[in-house]
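Q: Take this structure, written in structure tokens, and hold onto it; I'll ask about it next.
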Amino acid sequence: MQRMKDKVAIITGGAGGIGSASCRRFASEGAKVVVADLDINHAQAVVDTIDGDAIAMACDIGDEASFKRAIDATVEHYGKLDILFNNAAMTDPALQHADTDVTDIPVEVWEKTLHVNTTGYMFGCRHAIPHMAANGGGTIVNMASGSGLMADASRVAYGASKAAVISMTQYIATQHAHQRIRCNAIAPGPVITPTFRKIAPELIEIIGRHALTEELGAPDDIAYLAAFLACYESRYINGQVIAIDGGLTAHHAHVMDLQDYMASKG
């Protein structure tokens, strides 16, 4: 299918697992793809795997000037901007490890996480929307998280940042619909990458037990949904957050334990 034929898309965090899968998916759908990432070498490596029109772009989403340069350079290169997929996030292991609970988290970790994960998305939307409006409209897809919908045992700043992304998505959809700009959010559950399997294989079994699907998600699963939300086929979807989590948010937390209890009673 060529559902995004001749559309121009920026995908931030394009060198990561979900990002690279999304870049390849968008390109396969006919989009001209800008693989935007902090690491230009890794971004170029992704471009080299794409069978289609794609370029690598250095972009630090936490730096407004850097994000604006990437967006302006995209418009200069391709002549327009149709799609922004805000996918990049704070991934520094040290900061993630220190993201605990409100009684313990260092303030600088809280502020850095929200700055990148939320304010960074605002930067992208701020500078993409005028280009989209000038071109007659566009689509924004924001990466939220299941952690923005439900609380977890740690990572309070991450969860708060993603909850803010969900609210911002609704505001953008509401305030810019008259410019024919749609904005939706994706809230993934755990996504299994090679790194995930290497560093936390026990979590796959723990979390997977509560999924309603046979297995947890892969980067391609998220890429498929992002591509759908970016194309015309989703034209009637606006201001929504769509959970893609194997059914983790579909049931009460006690369901699996209750099933075990019922089975033990025969």
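The values are calculated or read from the model by the stated rules, or taken from the named source; none is laboratory data. What you see is a predicted model, and the numbers here were worked out from it, not measured in a lab. Positions of Cβ are backbone-derived with ideal geometry, glycine not excepted, and every protein chain shown enters the neighbour counts.
Q: Within the stretch 46-69, work out how many residues are assigned to a loop (DSSP other than H, G, I, E, B) and closer than 20 Å to Ala128 by Cβ.
A: 6
Q: Still on this structure: Kindly indicate which of Pro106, Pro93 is surrounded by fewer than 19 Cβ atoms within 10 Å (Cβ to Cβ), over 24 Å from Asn135 (Cβ atoms) and at pLDDT below 95.
A: Values: Pro106 fails: at pLDDT below 95.
Checking each option against the conditions leaves just Pro93.
Q: While we're on this one: Could you list, ordered by first residue, the pairs with Cβ atoms under 8 Å in which the first is in the stretch 62-78 and under 22 Å from His115 (Cα atoms) and the second is assigned to a helix (DSSP H, G or I) and of a type in the set (Ser, Thr, Tyr), at least 6 apart or interchain?
A: Gly62/Thr119
Q: Take the residues in the stretch 14-39 that are assigned to a loop (DSSP other than H, G, I, E, B) and in contact with a strand residue (DSSP E or B) (Cβ under 6 Å, 6 or more places away or on another chain); name whichever of them is surrounded by the most Cβ atoms within 10 Å (Cβ to Cβ).
A: First pass over the stretch 14-39, keeping only residues assigned to a loop (DSSP other than H, G, I, E, B): 14-16, 29-31, 38-39.
Applying the additional criterion that residues be in contact with a strand residue (DSSP E or B) (Cβ under 6 Å, 6 or more places away or on another chain) yields 14-15, 31.
On the way: Gly14: 32, Ala15: 24, Ala31: 27.
Of everything passing the filter in the stretch 14-39, Gly14 is surrounded by the most Cβ atoms within 10 Å (Cβ to Cβ).
Q: Looking at Ala250, Ala263 in this structure, which one is without any contact (Cβ under 8 Å) to a residue 40 or more places away in the chain, over 18 Å from Gly17 (Cα atoms), hydrophobic (A, V, I, L, M, F, W, C) and part of a loop (DSSP other than H, G, I, E, B)?
A: Values: Ala263 fails: part of a loop (DSSP other than H, G, I, E, B).
Exactly one of Ala250, Ala263 is without any contact (Cβ under 8 Å) to a residue 40 or more places away in the chain, over 18 Å from Gly17 (Cα atoms), hydrophobic (A, V, I, L, M, F, W, C) and part of a loop (DSSP other than H, G, I, E, B), namely Ala250.
Q: Further question on the same structure: Please find, within the stretch 173-214, the residue that is modelled with the lowest pLDDT out of those that are closer than 17 Å to Tyr158 by Cβ and among the aliphatic types (A, V, I, L, M).
A: That would be Ile199.
Q: Could you tell me whether Ala43 is in contact with a strand residue (DSSP E or B) (Cβ under 7 Å, 6 or more places away or on another chain), at pLDDT 95 or above and outside any helix (DSSP H, G or I)? Working first, answer last.
A: Working: in contact with a strand residue (DSSP E or B) (Cβ under 7 Å, 6 or more places away or on another chain): yes; at pLDDT 95 or above: yes; outside any helix (DSSP H, G or I): no.
Criteria not met by Ala43.
This table checks each residue for (1) modelled with pLDDT under 95; (2) within 18 Å of Asn135 (Cα to Cα); (3) of a type outside the set (Lys, Arg); (4) out of contact with any helix residue (DSSP H, G or I) (no Cβ under 6 Å at 6 or more places or on another chain).
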| residue | (1), (2), (3), (4) |
| --- | --- |
| Arg24 | no, no, no, yes |
| Ser28 | no, no, yes, yes |
| Ala31 | no, yes, yes, yes |
| Val35 | no, no, yes, no |
| Ile71 | no, yes, yes, no |
| Lys80 | no, yes, no, yes |
